[in-house]
C-alpha cells in the first residue's frame, strides 16, 4: 500500500449511538431572532458549521454582544446573545462577510431592510455567484433600497423605518426567500404574507413562535403582523437530520445493524428520508428522545 494511503474494509454491521451536530438551518434562525429579541437568549447545541459562524460574525458586526462556550455534552457550542430588540441593530463599521452562507446574507437582508442605515454584505466567490434578485425584489417593494452586482452579492442595503406590508408569491419555492420577507414583515406597518407555490421548510415560522410572535397559516399562505416584540429565550438546537442520514442509510443497508440517533430533529418538512428508508424495508422507531423544534 502506498505511503499516505488508507485501506478501508467493509463493515459487516453498524451498531451504536450517534448524537448529530446541531441543525444548521435552525441555528441560523435562532441567532437572528435572538439578536432582535428583548433580553438575553441562550442557544444550546448551536451548530459548529462555518456558515453558522458567519451569522454570528455578521451579528457582532451589527453591535450584538455574543459569548460562545463549548456545550457540556460536547454537541456543538452554547451561544449567549444579548438581544437589542426590534430595529435595535447598529450600523456596521465595515462590510459584513457572510462567507459561503446564503442563509446568512438572504435572511439577514430581511432584518436590515427595516434598519435606517446602510449595510454592505458580501461573501466568498461561490456566494457572489448565487442569485439574490429573489430577495431584492420583495424587499424593495416593501421600501428598502438594495444595490447589487447584477442581482448578485455584494449587496448594499438602505433600510427604512417605514416598511410597507406585502403580499408576496415567489416564483421559485425557497425557505430563505420566505424567511427574508417574513423577517422584514415583522417590522412592517401591517400584515405581510407569503403564498408558497410549493411547501418549503417552516423553521422560521416555528422559531418566530418560540420567541413569542404570532404567525398565521392558512393553506399555502403564511403571514406575520408587524410591530410584534420578541422575547429572549433559552433554547436547544435539535440534531441535524441531514447529518444523521448517513448513519441511517448505513444501518439500513447492513443486516443486523442498529443505530440510535440521539436528540435528532424531526420537523415534518425535513423527514422525507425516513419515508424513503421505510419504503426500502428499513425498520425505524421514534422514541421520546427524538425532538421536534416545538419541544426545545
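Only the coordinates and a few stated rules stand behind these numbers; no lab work does. What you are looking at is a predicted structure, and each value in this text was computed from that prediction instead of being measured. Don't worry about glycine lacking a Cβ; one is built from the backbone with ideal geometry, like all the others, and counts go over all protein chains shown.
Data overview
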item	result
FRET efficiency, residue 191 to residue 7 (Cβ-Cβ, R0 51 Å, nearest 0.05)	0.25
C-alpha center-to-center spacing [segment 137-177, segment 74-117] in angstrom	16 Å
Size of segment 1-60 as Cα extents on the principal axes (Å, biggest first)	58, 29, 14
Considering only the chain, percent of DSSP beta bridges that pair antiparallel, nearest 5	70 percent
Pair residue 93, residue 220: separation of 7 Å Cα→Cβ label points (nm)	4.8 nm
With Cα atoms, 0 to 90° folded angle of helix 50-61 axis to the chain main axis	30 degrees
Rounded, prolate or oblate (a/c below 1.5 giving rounded, otherwise prolate when a/b exceeds b/c) for segment 52-177 by Cα gyration tensor	prolate
Angle in degrees between helix 241-253 and the longest Cα principal axis of the chain, rounded to the nearest 10	20 degrees
Whole-percent pair-distance distribution, where bins are 5 Å wide, for the alpha carbons of segment 172-296	2, 10, 17, 18, 15, 13, 10, 7, 4, 2, 1, 0
Per-residue Cβ neighbour rank within 10 angstrom, fewest leading, 115, 9, 28	9, 115, 28
Long-range Cα-Cα pairs in segment 99-162 (distance over 13 Å), rounded percent	54 percent
In degrees, nearest ten, helix 175-185 long axis to first principal axis of the chain (Cα)	30 degrees
Alpha carbon convex hull of segment 1-105, volume per residue in cubic angstrom	161 Å³
Where labels lie 7 Å past Cα in the beta-carbon direction, separation of residue 242 and residue 120 in nm	3.0 nm
Packing-based exposure ordering (other Cβ within 10 Å, fewest first) of 52, 58	58, 52
Space enclosed by the convex hull of the alpha-carbon atoms of segment 146-219, per residue, Å³	113 Å³
All-pairs Cα distance distribution in segment 69-112, expressed in whole percent, bin size 10 Å	20, 36, 37, 7
Additional length obtainable on full extension of the chain from residue 172 to residue 66, 0.36 nm per residue less Cα span	34.7 nm
